1. Using unit Cβ charges (K, R positive; D, E negative) and no other charged atoms, how large, in debye to the nearest 20, is the dipole of the protein assembly as shown about its Cα centre?
2. State the volume of the convex hull built on the alpha-carbon positions of region B:248-388, expressed per residue in Å³ and rounded to an integer.
3. Over the protein assembly as shown, one equal point on each Cα, no solvent: what is log10 I(q)/I(0) by the Debye formula at q = 0.05, 0.07, 0.08, 0.10 Å⁻¹?
4. I need the phi-derived Karplus couplings for region B:198-215: 6.51 cos²θ - 1.76 cosθ + 1.60, θ = phi - 60°, integer Hz, Gly and Pro marked x.
5. Per DSSP H run of n ≥ 4, the term is -39500 (n - 2.57); total these for the protein assembly as shown, divide by its residue number, and report the mean residue ellipticity at 222 nm rounded to 500 deg cm²/dmol.
6. With θ set to phi - 60°, apply the Karplus curve 6.51 cos²θ - 1.76 cosθ + 1.60 along region B:351-356 and write out the HN-Hα couplings as whole Hz, x wherever there is a Gly or Pro.
7. What does the convex hull of the alpha-carbon atoms of chain B project to on average, in nm²?
8. Please order B:K239, A:K98 by the number of other Cβ within 10 Å, starting at the fewest.
Amino acid sequence: MDAKERDLERTQGLDGEDASSKPASPGRRSFLGVLLGIGTASVGVLLSVPLVRFALHPVLGNTTETSLSDLGTVDEFSSITSPVKRLITIEQRDGWRKTVSQKSVYLTRDADGQLRVLSSICPHLGCSIPWSEVKGQFICPCHVGVFASDGSLISGPPPRAMDELKTTVENGRLKVRYQYFRQLVHSKEVIA
Amino acid sequence: MATISVPNDAPGAAQRRGRVFNWFERRIGIDSLLHQALDEPIPGGARLAYVFGSGLLFLFLSQIITGVFLGLYYVPSADHAHTTIAYIAKEVMAGSFLRSLHSYGSSAMVVVLILHLAQTFLYGSYKGRRELLWVSGCVLFALVIGMAFTGYLLPWDMKAYFATTIGTNIAGEVPLVGEGIKRLMRGGNDMGTLTLSRFFVAHVFLIPAAIFGLIAIHVYLFRKAGAAGPISEDPIAPKQKTERFYPRQVLMDMGFGLVFIAALGLLAYFVPVDLGPKADPADTQYVPRPEWYYLPLFQWLKYWQGSRAIIGILVIPLIIIGLFVGLPFLDRRLERRPWKRPVAVGAFAIVFLSLAGLGALSYRDDHRDPGIADQLVKQREETEQFMRASFEPEPSEASLAAANVALADPLAAQGKAIYEAQSCNACHGEGGVGTPAGRLIAIGVKLPPDKLADVLKQPTDKMTAGGMTAVEISDGEMRALVAYINSLK
């Protein structure tokens, strides 16, 4: 058995005990090295793809985007004449968490009779603007900014009209994308 | 190792490699380090039988990488652990794949560990001044099993929760110290979020650190003793021709590692690991079953009930572990051929076959008992159902508070409407969270209801300076508003 094994090993081209003085031929060693390198690199690349995708998920995926909030059927608002306040539920995703909050918006009509959805946050300093049925105006209680029923600025310190929110109609239901806007500037600028 | 020297690949190698290489070489000595690592002589030459040790290193590396990445999303708390694992498995890109790779990797570690151990045992490679090498290997074995045990709880699903409940209960059966050990592991009497924290710390910090240290010791002792070579070799003074570790053994080791990890990758990709419903400690129906490598122990313990339990739980396992760890001290002969070592090999085979038999018995018992078989099928279905459902994000505390208020008493709900109508939320925030003006949450602790109503009607100078205006509403409305503000917590 021993002799047989030794024979086998000799035929396999082993180095002698004094291996250091007689290294394997550089050609074969480098060929195997290259083979090993290619194998390692390809498996490494193959495995690093899922790792990179995994780590970049929050960057590449829309994990923090606010979803559309439901306002009701379009028919519901077909006959409104003065602004109507609606509470909408906003679900904001933060990775594996969600924050559910409620915000109030106004549905109103502009001069052309088009339905508009306004944010109730005053573009001046962010107070919530109530609709005054008596005066037929939006009047901000903080610094008396006054807006018309279509949200356009009438008087007071606010730098611009009330902010309009983007809406879409899906299967006959009115949906709004709730956004926050920068205060104290003349043009509407989305934040967060 | 005495035979190692630094061979020159070709004349003028230093010039060919260039000045940059030499600059680094003089400071790091990477070349001699590589030769030190790669020119280990193997008596009798490279063999496929020797690949398992390196294979374990590759697998461990894979476990570290996948484990660290899983840490990007995992939260070790009873409240969030299950949600975050579900998020990884269902939503995160490649999440299910990496989690499966990590999970299958743990089983693969146990498999390759058994192969490594069986090879070392059958080849008699523990003989000849290799006692400490063997003992360090035994400690590594225990640590890897510990990794599997602690990692199993982390997903906090039904399976994880109940398997660990049983696992810690078994530890509690040990006389005298058992109860203390159980409480220490659980962080109290019962399984809970503290248990999870403890298992997480053990799984991610303590045991891996110990494994790093033990691997260093194990590899050092291996190099010190030298490769044992084939069974025909003298373990102390090898006589057979040697072959260097590089290239053929390295190629075999890496080839095995790559093929094995590639196979795990395919398995993880095509048969992803599932996640059951979140742990519900109140469920009394659940039939927990441990991971396959614990089944033999699990089955074994069924036979030892009552006063004799100590024999089965402690005495017999301790004897077997003692004989196993002490093997190189007890088996002093240098004879390595298995057929010339009938007692050692026979005992090893008996223990190994008994474990396999116990595992098979456990499997059979579960399938024969209709009550258990039905429950296991039901659990399987519940897991599949949970996996099919889309990921449900966890509501954050802020939204919970808002929701709770809406559900509270009608007076507070009315007050909430007034709060919004009066634009209090403009400055005090939704739900009184503050910014730019003061937080209202828990203000009811400082101010009793009538005081609160007073300052609302007539704000203090400090409040006025901050922009607060007097609230002019009816007494009834004021009661509602105060009720709402008091409800903010």
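1. Numbers: 68 positive and 62 negative charges, 469 e Å.
Here the protein assembly as shown has a charge dipole of around 2260 debye.
2. On the way: hull volume 27.8 nm³, N = 141.
Convex hull of Cα atoms, per residue: 197 Å³.
3. Computed log10 I(q)/I(0) values: -0.42, -0.71, -0.83, -1.04.
4. These are the phi-based 3J(HN,Hα) values: 5, 5, 5, 4, 5, 6, 9, 10, 5, 5, x, 4, 5, 5, 4, x, 5, 4 Hz.
5. Working: 25 runs with 351 residues, N = 681.
The helix-only estimate for the protein assembly as shown comes to -16500 deg cm²/dmol at 222 nm.
6. Coupling constants for region B:351-356: 4, 4, 5, 5, 4, 4 Hz.
7. Working: hull surface 142.8 nm².
If you wrap the Cα atoms of chain B in a convex hull and average its projections, you get 35.7 nm².
8. Result, fewest neighbours first: B:K239, A:K98.
Bear in mind that the values in this text are calculations on the coordinates, not laboratory data. The structure presented is a predicted model; accordingly, all values stated were derived computationally and were not measured. Cβ coordinates were reconstructed from backbone atoms using ideal geometry, including for glycine residues, and neighbour counts include every protein chain displayed.
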